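The values are calculated or read from the model by the stated rules, or taken from the named source; none is laboratory data. None of these values were measured; they are calculated from a predicted model. All Cβ positions, glycine included, derive from the backbone under ideal geometry; neighbour counts span all protein chains shown.
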């Protein structure tokens with residue numbers, strides 16, 4: 001028996017996974033356990049969970065695979081921060097290449113072999129070895145790993161060849177993050193907001209965006225560093241950037257104007273154009289049918305959709321946890337190959353329901369301790385009734401917190417830890433943005449649709465189970481709650497095989513309304529990680545404006561005594577405040 005644990009940590013989105021005899025058994029981000037969004041610490045909670053799920057002990061683990069080479073990373077940190085380190089000598093303590101091994105030994109308690117896998121190799125492997133492809137071109141794009149920021153590769157059977165790279169500080173990820181910061185959003189967190197804002201604008205500044213980057217031959221490009229200041233550790237952009245656009249940087253939370261929307265549209269267009277050009281170059285060098293992508297930039301679902309529609313590859317697989325969290329999968333896969341001589345099982349990733357689940361007994365104990373019995377609908381003896389009752393509530397315009405089965409791995413809620421609603425309601429998007437998610441009004445929501453009926457409503461001719469590409473809405477139904485301003489949507493197709501209960505709910509909602517689609521967004525409040533356990537779900541239900549909580553085989557309806565709600569909000573609000581952590585900086589990437 002072979003048991004490999006993969007770990008990503010010490011930058012952002014730390015995570016852990018476990019591969020047993022070549023099969024991925026479990027994976028989870030640490031933020032769900034610690035409640036610190038984008039938690040970068042060693043994933044102790046996720047590690048303990050993965051061992052439990054695999055029915056293994058730490059003594060059963062053959063090796064732990066770490067998702068980057070700490071010494072190569074330290075060389076980049078020293079080389080690019082030398083002036084700062086001389087001026088601020090105490091900052092040298094942040095460069096600690098021994099930390100990974102120390103934390104694995106001390107915090108995880110593991111004294112066996114450790115395999116180190118280069119960052120972009122981990123990204124590439126996380127996509128290729130879980131794509132189901134026996135051969136594919138491989139593109140990884142992020143902020144930075146050790147030195148690489150973009151790599152071009154080819155995978156065949158159990159081998160990966162990364163044949164070209166772009167090196168730091170030249171980075172498409174950092175270009176996107178720089179404009180994100182200039183637009184007043186948090187870096188390494190809110191880039192998706194810029195993507196969501198882009199359709200509201202016109203790409204009037206593409207020429208100016210293109211002045212920030214010089215496109216070279218092959219896979220190469222170079223940032224014009226006079227416009228960037230992230231090497232100094234204070235902010236992402238220099239004064240030259242504001243001079244170029246003749247506009248001051250936007251203050252966080254201030255009003256968004258036409259300029260900001262147009263700049264977002266221009267950045268998005270430029271990124272897509274560059275990626276398309278580099279994808280065509282890859283196909284020229286390796287003319288195969290399949291493309292695999294990973295790295296944080298691969299979460300740009302608008303670019304992904306365009307790459308598939310306009311690019312030369314007929315099939316695209318994007319690792320659903322494309323950011324650093326997914327690096328744990330790739331590191332584990334490479335370690336498995338190194339130790340066994342065989343790749344992980346050759347089949348497409350069927351789903352990402354790889355996190356913890358909770359029994360009805362666990363759920364009942366928690367729910368009964370908080371809510372009066374009169375508010376709880378018990379469907380344990382008739383689970384079909386749970387589907388019918390939930391569909392009725394959705395059809396009547398209620399917003400539902402949906403907590404079922406194993407938690408998703410990655411940033412997307414896919415019908416396990418979701419907030420769901422009727423997509424046909426004209427005011428539903430604004431209601432959820434303002435009162436439930438408490439977030440910016442311009443941000444779109446995604447649709448979940450029965451896989452057998454997706455093509456009737458969306459310009460999509462293939463499965464999209466991970467919500468990683470956009471397409472146009474072509475439905476005869478009016479779907480204002482999930483249709484973005486440009487007529488697009490980020491679709492999740494739901495099959496009976498991948499998620500039987502969510503599929504059954506969509507089918508029942510379709511039976512009641514002739515609409516096989518639900519609005520689906522992540523089960524969390526703004527600034528919080530997606531809920532992990534029943535207590536998290538109850539907290540989000542209590543402090544938000546969600547109408548009902550469907551948790552396991554129980555339904556809890558809002559509506560009992562207001563003084564009870566006020567007390568619960570007070571209790572859970574204090575709990576949340578203790579768990580939240582303020583990031584060191586939201587204005588610049590931290591490279592130390």
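A few comments on the model shown:
- For the range 412-435, the candidate set comprises residues that are touching a residue at least 24 places away in the same chain (Cβ under 8 Å) and surrounded by fewer than 22 Cβ atoms within 10 Å (Cβ to Cβ); within that set, the residue that is farthest from residue 514 (Cα to Cα) is 435.
- Among the residues of the range 40-77, those that are out of contact with any helix residue (DSSP H, G or I) (no Cβ under 7 Å at 6 or more places or on another chain), surrounded by fewer than 18 Cβ atoms within 10 Å (Cβ to Cβ) and assigned to a helix (DSSP H, G or I) comprise 48, 52, 59, 60, 71, 72, 74, 75.
- Of everything in the range 359-369 that is out of contact with any helix residue (DSSP H, G or I) (no Cβ under 6 Å at 6 or more places or on another chain) and surrounded by 18 or more Cβ atoms within 10 Å (Cβ to Cβ), the residue that is farthest from residue 427 (Cα to Cα) is 364.
- Residue within the range 494-513 that is in contact with a strand residue (DSSP E or B) (Cβ under 7 Å, 6 or more places away or on another chain), under 25 Å from residue 441 (Cβ atoms) and not assigned by TED's automatic domain parsing to the domain that holds residue 190 present: no
- Residue in the range 450-471 that is touching a helix residue (DSSP H, G or I) at 6+ places or on another chain (Cβ under 6 Å), touching a residue at least 40 places away in the same chain (Cβ under 8 Å) and surrounded by fewer than 15 Cβ atoms within 10 Å (Cβ to Cβ) present: no
- For residue 443: the one exception among (1) modelled with pLDDT under 95; (2) farther than 28 Å from residue 308 by Cα; (3) in contact with a helix residue (DSSP H, G or I) (Cβ under 6 Å, 6 or more places away or on another chain): (2)
- Helices (runs of 4 or more DSSP H) fully within the range 271-374 that include at least 1 residues being within 23 Å of residue 494 (Cα to Cα) and touching a residue at least 60 places away in the same chain (Cβ under 8 Å): 301-310, 324-340.
Quick grid of which residues meet (1) modelled with pLDDT of 95 or more; (2) crowded, with 24+ Cβ neighbours inside 10 Å:
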position	(1), (2)
122	yes, yes
136	yes, yes
146	yes, no
159	yes, no
165	yes, no
186	no, no
195	yes, yes
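- The range 510-535, residues that are surrounded by 24 or more Cβ atoms within 10 Å (Cβ to Cβ) and in a helix (DSSP H, G or I): none
- The criterion of at least 3 residues that are under 23 Å from residue 235 (Cβ atoms) and within 24 Å of the chain's Cα centre (by Cα) is met by the following helices (runs of 4 or more DSSP H) wholly inside the range 133-215: 172-182, 191-197.
- Residues (touching a helix residue (DSSP H, G or I) at 6+ places or on another chain (Cβ under 7 Å), touching a residue at least 60 places away in the same chain (Cβ under 8 Å) and either assigned to a loop (DSSP other than H, G, I, E, B) or not assigned by TED's automatic domain parsing to the domain that holds residue 175 (or both)) located in the range 220-255: 233, 235, 236, 249, 250
- Residue check for residue 137: touching a residue at least 24 places away in the same chain (Cβ under 8 Å), touching a helix residue (DSSP H, G or I) at 6+ places or on another chain (Cβ under 6 Å), outside the structural domain of residue 307 (by TED's automatic domain parsing) and more than 23 Å from residue 302 (Cα to Cα): no
- Applying the condition of being in contact with a strand residue (DSSP E or B) (Cβ under 7 Å, 6 or more places away or on another chain) and in a helix (DSSP H, G or I) to the range 91-118 and asking which residue is nearest to residue 293 (Cα to Cα) yields 100.
- With respect to the stated conditions, residue 37 is in a loop (DSSP other than H, G, I, E, B), within 19 Å of the chain's Cα centre (by Cα) and more than 16 Å from residue 328 (Cα to Cα).
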